[in-house]
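Worksheet for the structure shown next.
The values are calculated or read from the model by the stated rules, or taken from the named source; none is laboratory data. Being a predicted model, the structure only gives us computed values, none of them experimental. Because the Cβ atoms are built from the backbone with ideal geometry, glycine has one as well, and the counts that use them run over all protein chains shown. Accessible surface is based on the protein model in full, side chains and every heavy atom, while ligands, DNA and RNA are left aside. Shrake-Rupley method; radii C 1.70, N 1.55, O 1.52, S 1.80 Å.
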Amino acid sequence: MNKLLLPEGTRVLLLGNEAIARGALEAGIGFAAAYPGTPSSEIIGELLKIASKLNLHVEWSVNEKVAFEAAYAAAICGVRSLVAMKHVGLNVASDPLMTSAYMGTKAGFVIVSADDPNMYSSQNEQDNRWYGLHAYIPVFEPCSVQEAKDLTTTLFDFSEKFEHPVILRSVTRLSHTSGVVVLGKLIEPKSKGTFIKNPKRWVAIPENARILKKDLVKKWERISHYISKLKLNSSENENKEVAIIASGIGYSYTVEALENLKARSKVTLIKLSSSVPLPKEWIMDKVKDSKKVLVVEEGDGVVEFQIKNIIAEEGLKVEVHGKDFLPKHGELRLEILVRTIAKVLNIKIAASRPNLEQSLKIPERHPTLCPGCPYRPLYYALKLAVKKSKVKVVYSGDIGCYTLGVYSPFQVHDTVLDMGSSIGMANGFAHVLKEEKVVAIIGDSTFYHAGIPALINAIYNQAPMLVIILDNETTAMTGFQPHPGTGEPMSSTCLKPKKVLPEDIVKGVGINHVYIVDPYNVYETLHVIEKSLKMLNHMKEPIVIIARRPCILYKPISPEKKPKIVESKCNSCGICYNSFSCPAIVRLPTGKAKINENMCIGCNICVDVCPLNAIIV
């Protein structure tokens, strides 16, 4: 039986994201949507596995904005709904996010933001708790895998009580940590609802929105007062001179640090699950006798900012510390927190040993494309075509595993800003650069997510550029989730979707020159790119090349034979292991090449790449 369907009382090992999914099921959700993005992807991925058994609608949406809008529509029809995304995805969904606070909801509506401190798989480490303050939407943070489940369930009740959306903020260390969870009772989901027309509430034209904003401010005051009474927050050892306020996963770090110092009884320890808005009255009661307060939180000083405001408003003479002692970037680390708490408590500790990162000089090694990855021959052909065409190129890159092309030897991403920015920024480059040609490189899933509007803009505003859509028939970087071009189901209720091919889209919006190549055919690909670059000299419109070949991990090939190197023919030119940079081909001390049979997957592209025919099958 699937772990998410085990009965009440079962103790089971779950990822933080699995725990959030189970918590939503225990709340009786009927609708869930997301766009895949690490570290959030497992929430919807796990719900999809059991959706048909529970009669839920669960879907991968084309982007986070669409996912948000779909889930929100279900919620205002009385169906408990969840939308999940990584932190930068909330930027895409921020438009509906802001107005959803004005309108509110009918059934419980939980927005999961999986933040990524230290940027393990992201372009920034923004702290989405600020969105709560900005949008008047409460933000809650679990401190453990068990609480991730329990808090998710509770938040649906909270959301429904106030008819208001809520944000559940997780972080990478929690989303991707496993912990033992005691399961609660599964609730039969309600997956169908009714929309009750009420234009004054649901139509945010200015005359309605002005009234809704006034109502929102009053509701926010009620929410703030109610949060002070919630049992989600707790404290121990009250009336100490030093108080530590710890939110979310910061609480787990704090407990471990205090036990390490044998100092848990020396401080008033305040555990916060609700970081926006703060439970003002409750916190003031806990710190009124303290002389020092240390705020521990992962990310920005969101709680610290609010604490300082509250203390200033109340006129308390309390010394507040937080990000002046703790790091303003990256993840919290236990050794830093131990030193910080020891400093605040005037505890002398022995000088800590240098950590592994400081004591060992680890050789630098960039991540690389997989052996057999179709992006490698595409990039190889692209660089050759640019060299043969004798043109200067600005490569406008995008977000996906193909972004690894930024590294040597390919170096085909000069810019990477956000999802869809390859074509978006190419719109600007095309109009201001005097000599350089613009090549926009975008993945298939990213194209559906945010590339289409930018391409339409390029057509209409006559921006000449070469757009290369890397179609590997899946969303590879986040775990092989489907997209509209795969023909695979993206939801639990549509099992035979119509395939929406990128070439049909680009032709439909007015692109006149569209070419489809197989990047495994290196020299055909090179010829098409070279031809396209020359055409840009006299054009005022985009050209699109679709490089189609499935991801080698998603659809492995089974070759009858693998290549081998004829040593007598190899002259140590290094093209195969340097310019082509296949990780399955290594350089021997003599300079000659050797194929690592354990890594080689038998794509045999190197046979065409070798100019001396020294690689044969």
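A few points about this structure:
- Considering residues of region 472-512 that are under 17 Å from SER40 (Cβ atoms) and in contact with a helix residue (DSSP H, G or I) (Cβ under 6 Å, 6 or more places away or on another chain) only, the residue most open to solvent (accessible area, probe 1.4 Å): MET477
- Matching residues, region 317-327, being exposed (fewer than 13 other Cβ atoms within 10 Å of the Cβ) and modelled with pLDDT of 90 or more: GLU319, ASP324
- Just one residue in the set GLU163, GLU147 is under 29 Å from the mean Cα position of the chain (by Cα) and at positive phi; that residue is GLU163.
- Residues in region 104-139 that are under 22 Å from ASN198 (Cβ atoms) and assigned to a loop (DSSP other than H, G, I, E, B): GLY104, THR105, LYS106, ALA107, GLY108, TYR136, ILE137.
- Criterion applied to ALA32, ALA19, ALA70, ALA74 was being buried (at least 24 other Cβ atoms within 10 Å of the Cβ) and without any contact (Cβ under 8 Å) to a residue 60 or more places away in the chain, and the one residue passing it is ALA32.
- Any hit, region 253-262, residues being free of Cβ contacts under 8 Å to residues at least 12 places away in the same chain and not in a helix (DSSP H, G or I): yes
- Selection within region 291-316: residues that are of a type in the set (Lys, Arg) and not in a strand (DSSP E or B). The member of this set that is surrounded by the most Cβ atoms within 10 Å (Cβ to Cβ) is LYS308.
- Applying the criterion of being in a loop (DSSP other than H, G, I, E, B) and surrounded by fewer than 13 Cβ atoms within 10 Å (Cβ to Cβ) to the residues of region 213-238, the residue that is nearest to the chain's Cα centre (by Cα) is LYS231.
- Only one of VAL432, VAL438, VAL467 that is of a type in the set (Val, Ile, Thr), open to solvent by 10 Å² or more (accessible area, probe 1.4 Å) and more than 20 Å from the chain's Cα centre (by Cα): VAL432
- Flag if ILE167 is surrounded by 13 or more Cβ atoms within 10 Å (Cβ to Cβ) and either outside any helix (DSSP H, G or I) or modelled with pLDDT under 95 (or both): yes
- Tally of residues being assigned to a loop (DSSP other than H, G, I, E, B) and either under 15 Å from PRO519 (Cβ atoms) or open to solvent by 30 Å² or more (accessible area, probe 1.4 Å) (or both) across region 584-612: 13
- Test result for SER61, among the polar types (S, T, N, Q), farther than 25 Å from SER121 by Cα and either within 23 Å of the chain's Cα centre (by Cα) or open to solvent by 40 Å² or more (accessible area, probe 1.4 Å) (or both): no
- Total residues in region 489-525 satisfying the condition of being closer than 20 Å to ALA547 by Cβ and in a loop (DSSP other than H, G, I, E, B): the figure is 11.
- Annotation: ILE270 fulfils all but one of (1) open to solvent by less than 10 Å² (accessible area, probe 1.4 Å); (2) in contact (Cβ under 8 Å) with a residue 60 or more places away in the chain; (3) outside any helix (DSSP H, G or I); the unmet one is (2).
- SER81 meets all of the listed conditions (1) at pLDDT 95 or above; (2) of a type outside the set (A, V, I, L, M); (3) within 17 Å of the chain's Cα centre (by Cα) but one, namely (3).
- Within region 81-140, the only residue that satisfies the criterion of being β-branched (Val, Ile, Thr), within 16 Å of PRO39 (Cα to Cα) and open to solvent by 10 Å² or more (accessible area, probe 1.4 Å) is VAL88.
- Answer residue from region 415-447, given it is of a type in the set (Asp, Glu) and over 21 Å from ASN537 (Cα atoms) and is modelled with the lowest pLDDT among those: ASP418
- Options ILE546, ILE529, ILE552: the member that is β-branched (Val, Ile, Thr), in a loop (DSSP other than H, G, I, E, B) and either touching a residue at least 24 places away in the same chain (Cβ under 8 Å) or more than 23 Å from LYS387 (Cβ to Cβ) (or both): ILE552
- Count of residues meeting criterion [part of a loop (DSSP other than H, G, I, E, B) and open to solvent by 80 Å² or more (accessible area, probe 1.4 Å)] in region 188-212: 7
- Residue in region 45-56 that is under 21 Å from LYS190 (Cβ atoms), at pLDDT below 95 and hydroxyl-bearing (Ser, Thr, Tyr) present: yes
- Any chance MET535 is over 24 Å from CYS373 (Cα atoms), free of Cβ contacts under 8 Å to residues at least 24 places away in the same chain and open to solvent by less than 60 Å² (accessible area, probe 1.4 Å): yes
- Selection within region 170-187: residues that are of a type in the set (Val, Ile, Thr) and farther than 26 Å from SER122 by Cβ. The member of this set that is least open to solvent (accessible area, probe 1.4 Å) is VAL181.
- Top-ranked residue in region 556-574 [being assigned to a loop (DSSP other than H, G, I, E, B) and basic (Lys, Arg); ranked as modelled with the highest pLDDT]: LYS569
- Residue within region 555-570 that is open to solvent by 50 Å² or more (accessible area, probe 1.4 Å) and in contact with a strand residue (DSSP E or B) (Cβ under 8 Å, 6 or more places away or on another chain) present: yes
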